[in-house]
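Here is the structure we will look at, set down as structure tokens.
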Amino acid sequence: MKNKMSIKKDDQVVVLAGKDKGQRGKVLEVMPKDGKLVVEGINMVSRHTKPRKQGAESGILKKAAPMYACKVMRVCPKCDKPTRPASLIKADGTKVRVCKKCGAEI
Ligand SMILES: [Zn+2]
């Protein structure tokens, strides 16, 4: 079964599980093949950077790591609640995503 991703880049999401549970962030990147995404400020990992040239600073770089899309839920921009969007086919045949809670197109 193909896992369909309903989350797109720039969506607001809330984390449902793990150490960042309850936190919100903006989706920076989606990786549909892996079922993963990168969320701003979530699942931060430290990377040690080595100076590439003399005099350059070395240190620890914080970076958001990819996480499983099933661990997050979209936040409706209208009612500000976590929601799973429902697909709705309009009279003219176009498909839209709507919030199940307030009915807004999201
Ligand atoms: Zn809503």
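The values are calculated or read from the model by the stated rules, or taken from the named source; none is laboratory data. The shown structure was predicted, so the numbers you read here are calculated from the model rather than taken from an experiment. Because the Cβ atoms are built from the backbone with ideal geometry, glycine has one as well, and the counts that use them run over all protein chains shown.
Only a single item in (1) at pLDDT 90 or above; (2) over 25 Å from Lys101 (Cα atoms); (3) not acidic (Asp, Glu) is not met by Val13, and it is number (2). Residue count for region 60-106, restricted to those that are within 13 Å of the ligand (Cβ to nearest atom), of a type in the set (D, E, K, R) and outside any strand (DSSP E or B): 6.
Of all residues in region 43-82, exactly one satisfies the criterion of being of a type in the set (S, T, N, Q) and in contact (Cβ under 8 Å) with a residue 24 or more places away in the chain, namely Asn43.
Taking Ala17 as the residue in question, decide whether it is in contact with a helix residue (DSSP H, G or I) (Cβ under 7 Å, 6 or more places away or on another chain) and surrounded by fewer than 13 Cβ atoms within 10 Å (Cβ to Cβ). Please lay out each step first, then the result.
Values: in contact with a helix residue (DSSP H, G or I) (Cβ under 7 Å, 6 or more places away or on another chain): yes; surrounded by fewer than 13 Cβ atoms within 10 Å (Cβ to Cβ): yes.
Taking the combined requirement at face value, the residue satisfies it.
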